[in-house]
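Below is one structure, written out as structure tokens, with a few remarks after it.
The values are calculated or read from the model by the stated rules, or taken from the named source; none is laboratory data. These numbers were taken from a predicted model, which means no experiment stands behind them. For neighbour counting, all protein chains shown are included, and Cβ atoms are generated from backbone atoms with ideal geometry for every residue, glycine included.
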Amino acid sequence: MNRKQQYLAKHGRVRQSATSYLSLILKAGGDKSSPNVCGTMSTKQDSLWPRTIAHADMDAFYAAVEQLDDPSLRGKPVLVGPRSNRGVVLTASYEARPYRVGSAMPMAKARRLCPEAAIVPPRFDRYQEVSRTVMDVFATFSPEVEALSLDEAFLDMTGSEQLFGEPKAIGRQLKRAVYEATGGLTATVGLSSTKYVAKVASAYGKPNGLTVVPPKQAKAWLAALSVRWLWGAGPKMQRRLHDLGLRTIGDVAKADPKFLYKELGKAGPHFHALAHAEDPRAVTGHQGGKSIGSEHTLSTDTADTAEIKRHLRRSAETIGRRLRKKGYFALGVGVKLKTADFQLLTRQRRLTEPTDVTEKIYSVGVELLKVFDHQGPFRLVGMAAHALVRSEEQTQLNLFGGSARQRRLEAAIDDLSERYGANIVHRGNDLARPSRARLAATLDFLDDDSVD
């Protein structure tokens, strides 16, 4: 019996009663939180899908949490972000969207467009708390949950029809469970037989929607959508596709794959497969053992905080470089210290947004260093990035501290290191104060072969 079968056997009886109860609520008409169901699926499945993948995405998550906790903000435009005009908008409530305000917009511009908006500083501890509640709900529906960020995840619902019914029923119950567990937050859900179509379906149904796209209808459903819905097609690629006369996903599906490869390189066949609703990637729910790390064993034990930070910096640089090279973002960062008497100490933190930026990884490592209660000396210093997600599945980067510009800088350094060696670029601080401790051994590790 595989893991999914064990899960279904364990939770079957409980879920049957819960499903019946929720079905009664939905048949009775629900309340004003009931979802707007989109899609083309009939109320009865013609046959079981080869795979059933759900993508659930919380609606304007940060802003919605603020409105949930502060009733005076409900129904009003809310911008979550620093009050300084130098900052950016992290999330705009849906009441602010008609003013053309959105995430990543400079706060100064957002305030000009929507002067009556309430500016609310972010409370990441609270968002993480609510995120844990949401992920716990997802875990009651499937043993395979792949979190993409604090507020969205894929769920592999294959084989769960006996517990929850057809895909539309699965989506309705999932939305209702999130609403009730959080005390009023809404999620948009998309369901199909591939991760790509499920994610597009959820984005299509925003906000508080439910879009179900049966596998036999997926290609036709995608055809009318703009090429901006293609995974990996940023503004520059969209312009390139337009120059080639390809404006819809249907246009890409009809194009010759050889022509697409000639004009777009490897992206051509990738877009062609997506346009045909082809995406074989599985939901990878177990990411705890998937990590990239770097450890330094010192030839001389040290208790010097500045020295330890320099080794954390080296580890962060190695981790960031390997994340970018392999196309991953990290949702978690950990620090490892080994004392002179071989006691192993670790601390880790879940990030508010996935990242592959060295500076972010290092800053989290420095913060974690403060929570160790052992004074040393230490013989080993290391860091690891864990809970990895594919970069093409992550559409939002950390917006603090000009990280987009920092990422471009780090990518340029990566290129120089590839061409001329890892020691071609040095930080000014390292030259001004060289490390006193020599390294006995360095271990850069990749845990879990699936990352490759």
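Among the residues in segment 91-111, are any under 27 Å from Leu331 (Cβ atoms), outside the structural domain of Thr194 (by TED's automatic domain parsing) and among the acidic types (Asp, Glu)? There is no residue in segment 91-111 that is under 27 Å from Leu331 (Cβ atoms), outside the structural domain of Thr194 (by TED's automatic domain parsing) and among the acidic types (Asp, Glu).
Scanning segment 153-172 for residues that are in contact with a Lys or Arg (Cβ under 8 Å, 6 or more places away or on another chain) and closer than 14 Å to Pro214 by Cα returns Thr158, Glu166. For the residues Val213, Val252, Val200, the requirement of being on the phi < 0 side of the Ramachandran plot and in contact (Cβ under 8 Å) with a residue 40 or more places away in the chain singles out Val213. Test Glu263 against the stated conditions and say whether it is acidic (Asp, Glu) and either surrounded by 20 or more Cβ atoms within 10 Å (Cβ to Cβ) or in the same structural domain as Lys199 (by TED's automatic domain parsing) (or both). Answer is no for this residue.
Per the conditions (1) among the aliphatic types (A, V, I, L, M); (2) surrounded by fewer than 21 Cβ atoms within 10 Å (Cβ to Cβ); (3) at pLDDT 80 or above, the sole criterion not satisfied by Met58 is (2).
Evaluating Pro115 against the criteria (1) in contact (Cβ under 8 Å) with a residue 12 or more places away in the chain; (2) more than 19 Å from Ala187 (Cα to Cα) leaves one unmet condition, (1). For segment 156-183, what are the residues that are among the aliphatic types (A, V, I, L, M), farther than 26 Å from Ala223 by Cβ and crowded, with 23+ Cβ neighbours inside 10 Å? Result: Leu174, single match. Within segment 129-145, one or more residues are under 24 Å from Ala203 (Cα atoms), among the charged types (D, E, K, R) and touching a residue at least 40 places away in the same chain (Cβ under 8 Å).
Within segment 283-304, the set of residues being at pLDDT below 90, farther than 19 Å from Gly332 by Cβ and hydroxyl-bearing (Ser, Thr, Tyr) comprises Thr297, Ser299, Thr300.
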